[in-house]
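Novice: Handing you a structure now.
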Amino acid sequence: MNVLVIGSGGREHALVWKLAQSPHLKKMWCVPGNAGIALEPKCQLEPISADDLPGLLAFAQKNKPDLTVVGPDNPLALGVVDLFQKNGLRIWGPNQKAAQFESSKAFSQHFMEKYGIPTAQSGTFSEAKPARDFAVSLQGRCAVKADGLALGKGVLICSSVAEANAAIDEMLSGKFGAAGKTVVIQELLEGMEISLHALCDGTTAKLFPTAQDHKRIGEGDTGLNTGGMGTYSPTPFLSESELANVGNKILGPWLKGCAAEGIDFRGILYPGVMLTKQGPKVLEFNARFGDPETQVYLTRLESDLLELLDASVNGTLSRMELRWRPGASVCVVMASAGYPGSYAKGKVIHGLAEVGALADTKVFHAGTATANGQVVTSGGRVLGVTSWGGTLAEAQAKAYQAVAKIEFDGAQVRRDIASKALPK
Ligand code: AMP
Ligand code: GLY
């Protein structure tokens, strides 16, 4: 098969790396890709933006991939799947209606309440007064969320009425454009946050093992929210039977709701879940692979990813088995100085060749480019250094050994990825 992968981050590098291992793969294009993706076997980059739907369509019509794989949320929300399907092109990912689970928090919240999926107590508002009243009823302890996609910046966590009022005003003031015209306010949930992923084909959902992201920039989960500074899988916070139970509580009603609402979801459903004292509660749904969750999942997946994505498109997932390597994977993100605020680009990255020779380690590129024959930084999150081993402690040690060999000016690294899951 010839495959087109859309996107340019660490998630897409992991997808390309894993797809390249499939015996069914003949040739792959990645648009726009990055410096690491360019080095994967059978893969060719094309400079088309992931959001340029007419450009993507024209490329696919000319090159006729047997399957297109969509990485990021934006093209899904813009309807790339519907557009390709209308033009007779096979594509993996949820269509625009199904992608609303991520593109509209109000849609998701309403859906969860209607179909009895455990979630936070919440309200949806487009005017400040009732929103403020609701926040007061929660003593200001709430999460104020822009309804639409806001580049991961649309959630403000508040612990007082004054903070909640400021957050509501900020969201409704138009700072987030159309995305913030409606806000969802959730009660603040406490507990351990984990990532779940399920591969879906419209009627079947196959649950992955657990993973955990580290969203804050600082060690000990302090400082600003980021796209994700590191992940590991599995987490010790749910046993396999507990995971199956949580999966049923979420995916059972979710599948029923999709059937009732005529939602044909073929792709990854990624619920962010808080394990509270009252049980698991869904904070949000994403409609794509997590980044950097993908990096740890795909270094654990033994099954052929191309076969799985193909089955997800065909609606034949019930016949497929997801096999996972025992042990664990850890991904440590190396980010640019200043991230998640503004940062400089073009810093030369040293040590990649040396790390490339290490066993059980793969450096996924997130924000890199090539300049004068050297690999340089070109994004906030630059690399996802991913290692695996028989135990979590082993995977963590290998990942940090690899990180120690890589250098670029001002690199930021959290030193505590996966530490929460290990004895002190
Ligand atoms: P979201 O994009 O909705 O996942 O929110 C971003 C992050 O904010 C989540 O990963 C959580 O860490 C945090 N968060 C969101 N909603 C809540 C909530 N209701 N209670 C506590 N933390 C939350
Ligand atoms: N791991 C965070 C995200 O993909 O949204």
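Novice: Could you check how many residues of the range 109-155 are at pLDDT 95 or above, of a type in the set (Val, Ile, Thr) and assigned to a strand (DSSP E or B)?
Specialist: Of the residues in that region, 3 qualify.
Novice: Can you tell me which of (1) touching a Leu at 6+ places or on another chain (Cβ under 8 Å); (2) more than 13 Å from ligand 1 (Cβ to nearest atom) is the one Ile194 doesn't meet?
Specialist: The failed condition is (2).
Okay, residues lined up against (1) over 24 Å from the mean Cα position of the chain (by Cα); (2) touching a residue at least 12 places away in the same chain (Cβ under 8 Å):
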{"site": "Ala60", "(1), (2)": "yes, yes"}
{"site": "Gly79", "(1), (2)": "no, yes"}
{"site": "Gly88", "(1), (2)": "yes, no"}
{"site": "Gln96", "(1), (2)": "no, yes"}
{"site": "Glu102", "(1), (2)": "no, yes"}
{"site": "Ala106", "(1), (2)": "no, yes"}
{"site": "Glu113", "(1), (2)": "no, no"}
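Novice: Which of the residues that make up the range 287-306 are open to solvent by less than 10 Å² (accessible area, probe 1.4 Å) and of a type in the set (D, E, K, R)?
Specialist: Across the range 287-306, the qualifying residue is only Glu293.
Novice: So which residues in the range 199-215 are open to solvent by less than 20 Å² (accessible area, probe 1.4 Å) and either under 30 Å from Gly262 (Cβ atoms) or aliphatic (A, V, I, L, M) (or both)?
Specialist: Of everything in the range 199-215, those that are open to solvent by less than 20 Å² (accessible area, probe 1.4 Å) and either under 30 Å from Gly262 (Cβ atoms) or aliphatic (A, V, I, L, M) (or both) turn out to be Leu199, Cys200, Asp201, Phe208, Ala211.
This table checks each residue for (1) free of Cβ contacts under 8 Å to residues at least 40 places away in the same chain; (2) more than 27 Å from Gly380 (Cβ to Cβ).
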| site | (1), (2) |
| --- | --- |
| Gly148 | no, no |
| Leu151 | yes, no |
| Val155 | no, no |
| Ser160 | yes, yes |
| Asn165 | yes, yes |
| Asp169 | no, yes |
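Novice: Collect the residues in the range 156-214 that are closer than 30 Å to Asp133 by Cβ, of a type outside the set (D, E, K, R) and either within 18 Å of the chain's Cα centre (by Cα) or part of a loop (DSSP other than H, G, I, E, B) (or both), keeping them in residue-number order. Spell out the reasoning first.
Specialist: Residues of the range 156-214 closer than 30 Å to Asp133 by Cβ: 156-191, 193.
Cutting the leftovers down to of a type outside the set (D, E, K, R) gives us 156-162, 164-168, 171-174, 176-180, 182-186, 188-189, 191.
Residues satisfying the conditions are Ser160, Phe176, Thr182, Leu188, Leu189, Gly191.
Novice: Okay, moving on. What residue, among those in the range 53-104 that are open to solvent by 60 Å² or more (accessible area, probe 1.4 Å) and not in a helix (DSSP H, G or I), is farthest from Met1 (Cα to Cα)?
Specialist: Per the criteria, the residue is Lys97.
Novice: Is one or more of the residues making up the range 246-268 modelled with pLDDT under 95 and assigned to a loop (DSSP other than H, G, I, E, B)?
Specialist: No, because not a single residue in the range 246-268 is modelled with pLDDT under 95 and assigned to a loop (DSSP other than H, G, I, E, B).
Novice: Looking at Ala135, Ala131, Ala150, Ala143, which is the one that is closer than 20 Å to Gly227 by Cβ and touching a helix residue (DSSP H, G or I) at 6+ places or on another chain (Cβ under 6 Å)? Steps first, answer last, please.
Specialist: Working: Ala135 fails: closer than 20 Å to Gly227 by Cβ; Ala131 fails: closer than 20 Å to Gly227 by Cβ; Ala143 fails: touching a helix residue (DSSP H, G or I) at 6+ places or on another chain (Cβ under 6 Å).
The unique qualifying residue is Ala150.
Novice: With Val155, Val161 as the choices, which residue is within 16 Å of ligand 1 (Cβ to nearest atom) and either touching a Cys at 6+ places or on another chain (Cβ under 6 Å) or not polar (S, T, N, Q) (or both)?
Specialist: Numbers: Val161 fails: within 16 Å of ligand 1 (Cβ to nearest atom).
Val155 is the lone residue from the list that is within 16 Å of ligand 1 (Cβ to nearest atom) and either touching a Cys at 6+ places or on another chain (Cβ under 6 Å) or not polar (S, T, N, Q) (or both).
Novice: Could you check the range 408-424 and list, in sequence order, the residues that are farther than 12 Å from Val333 by Cβ and either surrounded by 14 or more Cβ atoms within 10 Å (Cβ to Cβ) or of a type in the set (Ser, Thr, Tyr) (or both)?
Specialist: Phe408, Asp416, Ala418, Ser419, Lys420, Ala421
Novice: Then there's this: Is it the case, given these coordinates, that Val296 is within 16 Å of ligand 2 (Cβ to nearest atom), closer than 26 Å to Lys26 by Cα and under 20 Å from the mean Cα position of the chain (by Cα)? Give the steps one after another, and end with the answer.
Specialist: Numbers: within 16 Å of ligand 2 (Cβ to nearest atom): yes; closer than 26 Å to Lys26 by Cα: yes; under 20 Å from the mean Cα position of the chain (by Cα): yes.
In short, yes.
Novice: What tally of residues in the range 253-286 results from selecting those that are open to solvent by less than 30 Å² (accessible area, probe 1.4 Å) and away from ligand 1 (no atom under 16 Å from the Cβ)?
Specialist: Counting residues in the range 253-286 that are open to solvent by less than 30 Å² (accessible area, probe 1.4 Å) and away from ligand 1 (no atom under 16 Å from the Cβ) gives 7.
Novice: Considering only the range 307-318, state which residues are in a helix (DSSP H, G or I) and either of a type outside the set (Ser, Thr, Tyr) or open to solvent by 10 Å² or more (accessible area, probe 1.4 Å) (or both). Outline the logic, then answer.
Specialist: Of the range 307-318, the ones in a helix (DSSP H, G or I) are 307-314, 317-318.
Result: Glu307, Leu308, Leu309, Asp310, Ala311, Val313, Asn314, Leu317, Ser318.
Novice: May I pose another question? Let me confirm something: among Ile194, Ile217, which residue is over 23 Å from Ile117 (Cβ atoms) and hydrophobic (A, V, I, L, M, F, W, C)?
Specialist: Values: Ile194 fails: over 23 Å from Ile117 (Cβ atoms).
One residue alone meets the criteria, Ile217.
Novice: Looking at the range 215-225, which of the residues that are assigned to a loop (DSSP other than H, G, I, E, B) and of a type in the set (D, E, K, R) is farthest from the chain's Cα centre (by Cα)?
Specialist: Narrowing the range 215-225 to residues assigned to a loop (DSSP other than H, G, I, E, B): 215, 219-221.
Okay, now just the ones that are also of a type in the set (D, E, K, R), so 215, 219, 221.
On the way: Lys215: 11, Glu219: 21, Asp221: 18 Å.
Filtering first and then ranking leaves Glu219.
Novice: Go through the range 209-246 and count every residue that is closer than 23 Å to Thr299 by Cα and of a type in the set (A, V, I, L, M, F, W, C).
Specialist: 6
Novice: Which ones in the range 175-211 are without any contact (Cβ under 8 Å) to a residue 40 or more places away in the chain, in contact with a strand residue (DSSP E or B) (Cβ under 7 Å, 6 or more places away or on another chain) and of a type outside the set (A, V, I, L, M)?
Specialist: Start the filter on the range 175-211 by keeping residues that are without any contact (Cβ under 8 Å) to a residue 40 or more places away in the chain, which leaves 175-180, 210.
Add one more test, that the residue is in contact with a strand residue (DSSP E or B) (Cβ under 7 Å, 6 or more places away or on another chain), and what stays is 176, 179-180, 210.
Phe176, Gly180, Thr210, listed by residue number.
The values are calculated or read from the model by the stated rules, or taken from the named source; none is laboratory data. In this text the structure is predicted, and so the values were computed from the model without any measurement. With ideal geometry, Cβ positions are generated from the backbone for all residues, glycine too; neighbour counts draw on all protein chains shown. Surface accessibility is based on the protein's heavy atoms, side chains included, excluding ligands, DNA and RNA. Shrake-Rupley method; radii C 1.70, N 1.55, O 1.52, S 1.80 Å.
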